[in-house]
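A short reminder: the numbers here are calculations on the coordinates, not readings from a lab. All of these numbers come straight from a predicted model, not from anything done at the bench. All Cβ positions, even for glycine, are placed from backbone atoms using ideal geometry, and neighbour counts span all protein chains on display.
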Amino acid sequence: MSETPVLLDLFCGAGGAAEGYQRVGFYVVGVDIANQPRYCGDEFIQADALEYLKTADLSRYDAIHASPPCQGYSIMNNLPWLKGREYPLLILPIMEMLGKVGKPYVVENVMGARYGAKGLKKRGLEDHGLQAGWLCGTMFGLPFYRHRLFATNWFWLAPGHPTHQARIRPGHSLAGRARDIIFTPNRDVHQSFGVRAADAALSDWQSNGAQKEGVGIGHARGWRLAAEAMGIDWMKREELTQAIPPCYTEFLGNYLLSVWGVDGEK
């Protein structure tokens with residue numbers, strides 16, 4: 001292991017994952033096919049992530065994180081106005097490649113990409129299913145759910161998962177539909193990333209959704225509330241919708257360094 005461990009951050013976007021790894025001491029090198037002027041990592045390389053993984057000298061890296069595009073696996077893909085759209089399906093190729101590299105890795109994606117998910121089976125994508133643990137914002141005291149899968153080739157345990165409390169009507173939890181809503185201390189629903197649950201009439205809540213500041217991905221002001229809650233206030237709205245809270249990778253990065261070391265051996 002190098003004195004300062006170096007992590008390769010594939011499909012890095014603006015750096016939600018990178019920030020978490022940096023917090024625990026990683027030097028982070030991001031790779032993305034699109035230019036990322038607000039990337040918060042230590043270095044940025046504009047390149048196709050799969051091609052970089054195939055051709056680059058990986059000896060400088062102690063661990064690898066990959067967040068392949070999630071749109072093709074998201075439950076949002078079932079919406080009528082999105083049906084028929086083609087999205088890259090890169091989980092299987094990236095997992096196969098990382099398995100051959102021989103370094104500790106983390107592959108992150110949405111819950112729709114979990115192993116055995118009905119949506120994957122229906123589309124013949126079972127091989128893309130991640131056998132993975134998952135994290136939720138409430139595990140870290142954050143005011144949102146935002147479940148994300150994290151597949152690794154090393155062992156980790158998630159923190160305890162508090163019961164979801166949001167209700168759309170008595171006896172019916174918002175559950176998955178509320179995973180990306182930001183809850184404020186006065187119990188208003190203030191932000192939704194690509195879900196419509198916030199626009200419903202919520203019993204025992206102070207909001208009818210669309211009239212509240214910050215509700216909905218298309219609202220001009222709400223994404224700033226989400227950025228503050230997630231701890232990624234350097235991003236713009238479009239970047240935010242694709243990002244994960246840094247505390248997720250801070251947790252996993254600390255596991256890598258303090259429990260396993262970054263060579264994958266306890």
(Q) Taking the number of other C-beta atoms within 10 Å as the exposure measure, put HIS65, HIS147, HIS161 in order starting with the fewest. (A) HIS161, HIS147, HIS65
Q | Ranked by how many other beta carbons lie within 10 Å on average, peptides 35-42, 122-129, 88-95 from highest | A | 88-95, 35-42, 122-129
Q) How do LEU7, LEU53, LEU142 rank when sorted from fewest to most other Cβ atoms within 10 Å of their own Cβ? A) LEU142, LEU53, LEU7
Q. Roughly speaking, what is the stretch gain from THR4 to VAL101, that is 0.36 nm per residue apart minus the C-alpha to C-alpha distance, in nm to one decimal?
A. 32.9 nm
Q) Extension gain GLU51-LYS118, at 0.36 nm per residue separation less the Cα-Cα distance, in nm? A) 21.1 nm
**Q.** Packing-based ranking, highest mean first, of 20-30, 233-243 given that Cβ atoms within 10 Å are counted
**A.** 20-30, 233-243
Q | Phi-based couplings in Hz for the range 130-139 (Karplus 6.51, -1.76, 1.60; Gly and Pro marked x) | A | 8, 8, 9, x, 9, 10, 9, x, 5, 5
Q) Modelled label-to-label distance, ALA34 and ASP127, 7 Å Cα→beta-carbon offset: nm? A) 2.8 nm
Q. In terms of modelled amide H atoms, which long-range or inter-chain residues lie less than 5 Å from the amide H of HIS65?
A. LEU8, ASP9, LEU10, VAL106
